[in-house]
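Before any comments, here is the structure.
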Amino acid sequence: MFQLFILIVSLVISVLTAPKPKNAKPAAFSDIDLPQTAEGSAQIWIFGDVWVSDWMVLGAGNWRISAIKTKSGK
């Protein structure tokens, strides 16, 4: 019984002393720093696991600009 009391007291103390998170704005596409290729540079097709000395991002797509709304339940 004493251990349960200590558990509840420590839980209450940890909740009360936890730092409050600041309201952060959601990340925008311009906040992400992706290396991009120069137009006309050679593109490498890799199939499988290999080590490459240089990498690049050809495209990053399917970024949603509206909230995803779904109906849950029946």
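Brief remarks follow.
- Estimated inter-spin distance, Met1 and Lys20, nm [label 7 Å along Cα→Cβ]: 3.8 nm
- Take the Cα of Ile8, step 7 Å toward its Cβ, do the same at Asp49, and the gap between the two points is 5.1 nm.
Every read-out reported here was derived from the displayed coordinates using simple, explicitly stated rules and does not represent laboratory data. None of these values were measured; they are calculated from a predicted model. Backbone-built Cβ (ideal geometry, glycine too); neighbour counts: all protein chains shown.
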